[in-house]
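Heads up, the thing below is written out as structure tokens.
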Amino acid sequence: MVFDSLRDRMGGHDNLNPHQIAHNSLFTAKEKIELLHQLKANVTGAQQEGDDVGFDAGEIDAAIAEVRQGVQSGAGTDTVIKGDF
């Protein structure tokens, strides 16, 4: 799963949350939204199985809205490597 390596890069399994993805400057806005949609699908599936992942689909929707708002204001379309920040 793509989130295993992302979790590791963010310091471990307990530190991954939607807002960290939304504010990560190593991803473009498109990549962030794709990751957040994939995370939402995983969280929804886990919740249906009775697992608690520490956040819900509403938090993911809020993170997606933040990314979209950033794009509308002109931020986050490129990564740090490409010179956005």
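The values are calculated or read from the model by the stated rules, or taken from the named source; none is laboratory data. This structure is a prediction, so every number in the text was calculated from the model and none was measured. Note that each Cβ is placed from the backbone with ideal geometry, even for glycine, and that neighbours are counted across all protein chains shown.
Key figures for this structure:
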item: Some residue of the range 10-18 being at pLDDT 85 or above and under 12 Å from the mean Cα position of the chain (by Cα); result: yes
item: Matching residues, the range 34-47, being surrounded by fewer than 17 Cβ atoms within 10 Å (Cβ to Cβ) and more than 18 Å from residue 70 (Cα to Cα); result: 38, 41, 42, 44, 45, 46, 47
item: Subset of the range 21-33 (residues that are surrounded by fewer than 14 Cβ atoms within 10 Å (Cβ to Cβ) and modelled with pLDDT of 90 or more); result: 30
